[in-house]
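Contents: one structure, followed by commentary.
The values are calculated or read from the model by the stated rules, or taken from the named source; none is laboratory data. Since we're looking at a predicted model, the values are computed, not measured. We place every Cβ from the backbone using ideal geometry, glycine too, and count neighbours over all the protein chains shown.
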Amino acid sequence: MKKYKKPLSALMAFALLLLLWALAAFVIKKPFLPGPWLSAKAFLALLKSGALLKHALASLKRVLASLGFAFPLAAALGLWAGRSVKVDSLVSPLAYVLHPLPKAALLPVIMLLFGLGDSAKIILLGLVIFFQALVSAMDSARRLSRELVDSVRSLGAGKRDMAFIVILPAALPELFTSLRVSLGTAVAVLFLSETFATENGLGFLIVDSWARIAYPEMYAAILALSFLGLGLFAMADVAEKLLCPWAAQRRN
Amino acid sequence: MLEARNLSLDYVLGKKRKAELIPAFRALNMALPSGSISSVLGPSGCGKTSILNVIAGLVRPSSGSLLLDGAELSGLRPKTAVIFQHYGLLPWRNVEANAELGLLIQRLPAAERKKKIHPILEELGLMDFRRFYPDSLSGGMKQRVAIARALAIEPDLLLMDEPFSSLDALGREAAQDFLLELRKKRPMTILLVSHSIEEAVYLSERVYVMAGRNPGFIVDSFDIEPNRAEKRFGNDSYSADYQNMRDSKELLVYAKAIRASINRFMSDEKEAVPGQGGLA
Ligand SMILES: Nc1ncnc2c1ncn2[C@@H]1O[C@H](COP(=O)(O)OP(=O)(O)OP(=O)(O)O)[C@@H](O)[C@H]1O
Ligand SMILES: [Mg+2]
């Protein structure tokens with residue numbers, strides 16, 4: 001039974017949100033706030049025409065591409081820095097200065113550098129994910145207990161064994177936490193980046209329908225972007241359960 | 001025979017120029033007969049763990065030498081097993097995966113690892129728990145997993161850092177007897193670090209008493225005759241008699257002598273350095 005608790009409470013929260021939305025739409029009665037019913041109809045229409053899928057896939061592709069290059073790179077560099085004083089003295093100051101920087105503000109710079117295409121968007125999202133994961137990886141590699149490292153070293157473990165048997169698994173739960181945090185930010189930055197120089201993506205769909213005064217469509221697109229974020233979150237959860245089974249047994 | 005000759009260790013803190021030396025222990029001379037169980041007894045901070053780390057090859061001594069059967073010992077060696085105070089189990093590996101870690105690192109194929117590990121898990125009563133993760137086990141069970149991991153590499157030298165300190169009194173006595181049984185079945189030299197005089201006297205044939213801090217040093221050593229390996233672990237030895245030994249007058253006399261030695265040292269130290277307590 002416990003297994004169903006999380007989806008169930010999420011569903012209830014969603015229902016409450018819908019109720020509030022319907023209430024607000026009923027009270028305000030303005031075209032810019034259509035109720036959930038009208039928006040859902042627009043959602044279905046967009047789905048049927050295939051437009052929604054096309055835009056959603058374009059957005060998903062950007063997120064996954066940035067995740068694919070930034071996350072492993074950041075994890076590897078962060079774990080290395082956390083275990084090596086030399087690497088740390090290079091990476092730490094950089095992370096300290098760049099991590100708090102609002103990456104979204106770099107959008108124009110990155111577009112000037114990398115052109116108007118997808119690569120600029122992917123790089124921008126990648127920066128968001130990169131620094132979050134970098135900092136988490138460094139922290140958890142630093143915190144590793146000496147006794148744990150020594151006990152594995154005493155069994156004859158070389159550097160490679162140490163990395164894959166000790167350092168990486170120790171950091172996994174924390175890396176997943178960082179992933180969830182950065183996915184939230186990444187979806188926001190994705191929206192921003194898709195309002196420029198592109199004709200696809202959910203961000204484009206939102207801004208485009210806004211300009212066309214197609215309000216129900218705009219809300220349908222906002223919903224779709226929320227679902228995308230939710231889906232990414234759920235993906236991270238499932239991946240964590242599969243890759244960190246010990247953390248689940250600890251909770252029970 | 002494992003010998004330490006004039007062994008000293010200073011930890012080096014900081015970078016080359018501004019390096020600071022923290023003395024851990026000084027001028028140790030020890031001799032552990034092959035197949036014996038010996039103990040190092042001493043107060044917190046006297047360098048007991050540091051000694052184990054040096055013998056294990058995890059830390060290089062600053063001076064002096066270690067000899068095993070006459071041959072110089074330096075660095076890690078495949079037949080030395082270490083059991084750390086908090087067991088050093090990896091939380092993300094289940095009991096079986098922790099136990100076979102040494103064999104995995106030696107690149108043994110999975111089938112062979114299982115073949116070696118399963119009898120050991122069986123012997124230690126861990127077979128039914130082999131899919132459990134360490135965090136869901138009691139302290140005593142975790143310790144047995146650490147022992148299984150150590151035994152898997154078929155060690156001839158076993159180093160244990162306060163192996164029984166986190167167990168309750170009854171569990172501790174059972175674990176001590178279990179260690180004696182293990183030793184009877186396997187010819188290994190065992191060195192353990194302890195805080196408890198009774199424990200050291202019950203388990204060891206040689207007890208080294210340490211004192212001091214930064215650096216610590218050996219102040220005395222005791223040979224406990226009735227615990228000689230030939231007597232205890234020989235072919236037709238009195239295996240069931242460990243228990244009777246626990247309360248024997250004979251051992252009590254040794255415990256008394258060791259306590260006297262510690263107290264003597266403490267009062268000497270108090271006179272030398274007014275206002276400073278010695279052993280905790
Ligand atoms: N990695 C290290 N770097 C620097 N100093 C250390 C290190 N490990 C231990 N020391 C110092 O060396 C001394 C001896 O430490 P050690 O851990 O060997 O003592 P111990 O006898 O095992 O103590 P305890 O009974 O508390 O476990 C201590 O004063 C400690 O501060
Ligand atoms: Mg210690």
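Among the residues of the range B:16-61, those that are within 12 Å of ligand 1 (Cβ to nearest atom), over 18 Å from the mean Cα position of the chain (by Cα) and touching a residue at least 12 places away in the same chain (Cβ under 8 Å) comprise B:ILE22, B:PRO23, B:ARG26.
Mind checking which residues of the range B:153-191 are under 19 Å from B:ASP247 (Cβ atoms) and within 16 Å of ligand 2 (Cβ to nearest atom)? Correct list: B:PHE164 only.
Okay, residues lined up against (1) farther than 18 Å from B:SER44 by Cβ; (2) at pLDDT 90 or above:
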site	(1), (2)
B:ILE197	no, yes
B:VAL201	yes, yes
B:MET210	no, yes
B:PRO226	yes, no
B:LYS231	yes, no
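Scanning the range A:198-252 for residues that are polar (S, T, N, Q) and within 14 Å of chain B (Cβ to nearest Cβ) yields A:GLN249, A:ASN252. When the strands (runs of 3 or more DSSP E) confined to the range B:9-125 are screened for residues that are within 16 Å of ligand 2 (Cβ to nearest atom), those reaching at least 2 such residues are found at B:20-32, B:37-41, B:80-83. Among residues of the range B:194-228 being surrounded by fewer than 22 Cβ atoms within 10 Å (Cβ to Cβ) and polar (S, T, N, Q), the one that is farthest from ligand 2 (Cβ to nearest atom) is B:SER221. Listed conditions (1) more than 14 Å from B:ILE218 (Cβ to Cβ); (2) in contact with a strand residue (DSSP E or B) (Cβ under 7 Å, 6 or more places away or on another chain) are all met by B:GLY70, apart from (2). Considering the range A:212-233, and only residues there that are of a type outside the set (Gly, Ala, Ser) and in contact with a Phe, Trp or Tyr (Cβ under 7 Å, 6 or more places away or on another chain), the residue that is nearest to A:LYS54 (Cα to Cα) turns out to be A:LEU225. Checked across the range B:132-146, the condition of being within 30 Å of B:PRO33 (Cβ to Cβ), within 16 Å of ligand 2 (Cβ to nearest atom), assigned to a helix (DSSP H, G or I) and of a type in the set (Gly, Ala, Ser) holds for at least one residue. Identify all residues within the range B:233-271 that are surrounded by 12 or more Cβ atoms within 10 Å (Cβ to Cβ), farther than 20 Å from B:CYS46 by Cα, of a type in the set (D, E, K, R) and modelled with pLDDT under 80; write none if there are none. Hit for the range B:233-271 is B:ASP241, nothing else. Counting only residues that are crowded, with 16+ Cβ neighbours inside 10 Å and more than 30 Å from A:ASP150 (Cα to Cα), how many does the range A:77-103 have? Going through the range A:77-103 one residue at a time, the tally reaches 1.
Among the residues of the range B:84-122, the one identified as in contact with a helix residue (DSSP H, G or I) (Cβ under 8 Å, 6 or more places away or on another chain), more than 10 Å from chain A (Cβ to nearest Cβ) and of a type in the set (Gly, Ala, Ser) is B:ALA99.
When A:GLU199, A:GLU194 are screened for being acidic (Asp, Glu) and buried (at least 17 other Cβ atoms within 10 Å of the Cβ), only A:GLU194 passes. Set side by side, the residues A:LEU23, A:LEU79, A:LEU94, A:LEU53 differ, and just one is under 23 Å from A:LEU192 (Cα atoms) and either free of Cβ contacts under 8 Å to residues at least 60 places away in the same chain or within 21 Å of the chain's Cα centre (by Cα) (or both), which is A:LEU53. Here are some conditions: (1) more than 14 Å from every other protein chain (Cβ to nearest Cβ); (2) over 30 Å from A:PRO245 (Cα atoms). B:PHE164 meets all but one. Which one does it not meet? Condition (2) is where B:PHE164 drops out. The number of residues in the range A:144-162 being outside any loop (DSSP other than H, G, I, E, B), surrounded by 17 or more Cβ atoms within 10 Å (Cβ to Cβ) and not acidic (Asp, Glu) comes to 6.
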